[in-house]
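The values are calculated or read from the model by the stated rules, or taken from the named source; none is laboratory data. As the structure is a prediction and not an experimental result, all values here were calculated from the model. Counting neighbours? That spans all protein chains shown, and the Cβs are built from the backbone with ideal geometry, glycine included.
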Amino acid sequence: MGKKGDETRNALADALLTILLEDGRGAITVKLVSERAGVDRQTFYYHFRGMEELVGYLSEREASELAAQIDHDASFDEFVDRFVDQISARKRVFRALLDRFGRPTLRVLLHERATGLLRIYAHRELVDVERQIGPRCRDEAVEYCVRASASVLEAWITGELDMDGERLKSFLARSFRQQMIGVREIKGQA
């Protein structure tokens, strides 16, 4: 798709985002989104098979913007700070997607895109640990910590975990390091 197609897809995603953030409780329909974007329904269906595909596109766009804001050369603590700040800035969008389209949308965002970012930093953080516990145990530890961190972020976005952003940053970094200590100790006893 060319530049014009990308512009139309983004206009439809922006229209959906605007509707979501208005916090209206009415149904979000293809007709409503198309009208808000200034296109007809046929144009909508040219770009998306349905509302679910548009939601996926908006979710992926938000996650891509989140990933683009992360400095991949930062330390783990700097990464956690920036990552939580970026999620916090988009929390209202993620929450609106969750409220309207359910937890699967949020899980796709967190467990596909966010875990990829977390995995990069976790592997970097654990380079020295691999010598002590071996690559297989390190990879298992990384996956456990990454999924646990994504679950904490999900609970924070949904409001199930009530803490401010600074406490969340500290909690994520501390809990990740505690898991690594546990892995070292278990491996040392084996």
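Among the listed residues Ala74, Ala89, which satisfies the condition of being at pLDDT 75 or above and not in a helix (DSSP H, G or I)? Don't jump to the end; show me each part of the working.
Values: Ala89 fails: not in a helix (DSSP H, G or I).
None of the others qualify; the one that does is Ala74.
State which residue pairs qualify: first residue on the phi < 0 side of the Ramachandran plot and β-branched (Val, Ile, Thr) and inside segment 75-101, second residue at pLDDT 80 or above and in a helix (DSSP H, G or I) in any location, beta carbons under 6 Å apart, and separation of 6 or more residues or different chains.
These pairs meet every condition: Val80/Lys169; Val80/Leu172; Val80/Ala173; Val84/Gly165; Val84/Leu168; Val84/Lys169.
Gly50 fails exactly one of the following numbered conditions: (1) within 17 Å of Arg9 (Cβ to Cβ); (2) modelled with pLDDT under 85; (3) among the small types (Gly, Ala, Ser). What is the number of that condition?
For Gly50, the exception is condition (2).
Within segment 20-33, take every residue that is assigned to a helix (DSSP H, G or I) and surrounded by fewer than 19 Cβ atoms within 10 Å (Cβ to Cβ) and give me the one that is modelled with the lowest pLDDT. Full working, then the answer.
So in segment 20-33, the residues assigned to a helix (DSSP H, G or I) come out as 20-21, 30-33.
Imposing the further condition that a residue be surrounded by fewer than 19 Cβ atoms within 10 Å (Cβ to Cβ) reduces the set to 21, 30-32.
Values: Leu21: 84, Val30: 95, Lys31: 95, Leu32: 93.
Going through the qualifying residues, I end up with Leu21.
Mind listing whichever residues of segment 142-155 are without any contact (Cβ under 8 Å) to a residue 60 or more places away in the chain and in contact with a Leu (Cβ under 7 Å, 6 or more places away or on another chain)? Break it down into steps so the answer makes sense when it comes.
So in segment 142-155, the residues without any contact (Cβ under 8 Å) to a residue 60 or more places away in the chain come out as 142-152, 154-155.
Those that are without any contact (Cβ under 8 Å) to a residue 60 or more places away in the chain and in contact with a Leu (Cβ under 7 Å, 6 or more places away or on another chain): Val142, Val146, Ser149, Ala150, Val152, Glu154, Ala155.
Could you check how many residues of segment 34-56 are among the aromatic types (Phe, Trp, Tyr) and outside any helix (DSSP H, G or I)? Full working, then the answer.
Pass one, segment 34-56, residues among the aromatic types (Phe, Trp, Tyr): 44-46, 48.
Among the residues that remain, those that are also outside any helix (DSSP H, G or I) are: 48.
Qualifying residue count, segment 34-56: 1.
Which of the residues spanning segment 104-133 are loosely packed, with under 13 Cβ neighbours inside 10 Å and either outside any helix (DSSP H, G or I) or at pLDDT 75 or above (or both)?
Gly116, the sole residue that qualifies.
Among the residues of segment 11-60, how many are more than 20 Å from Arg95 (Cα to Cα) and touching a residue at least 40 places away in the same chain (Cβ under 8 Å)?
Residues flagged as more than 20 Å from Arg95 (Cα to Cα) and touching a residue at least 40 places away in the same chain (Cβ under 8 Å) within segment 11-60 amount to 1.
Hey, could you check segment 64-90 for residues that are closer than 30 Å to Thr29 by Cα and in contact with a Gly (Cβ under 9 Å, 6 or more places away or on another chain) and say which is surrounded by the most Cβ atoms within 10 Å (Cβ to Cβ)?
Per the criteria, the residue is Ile87.
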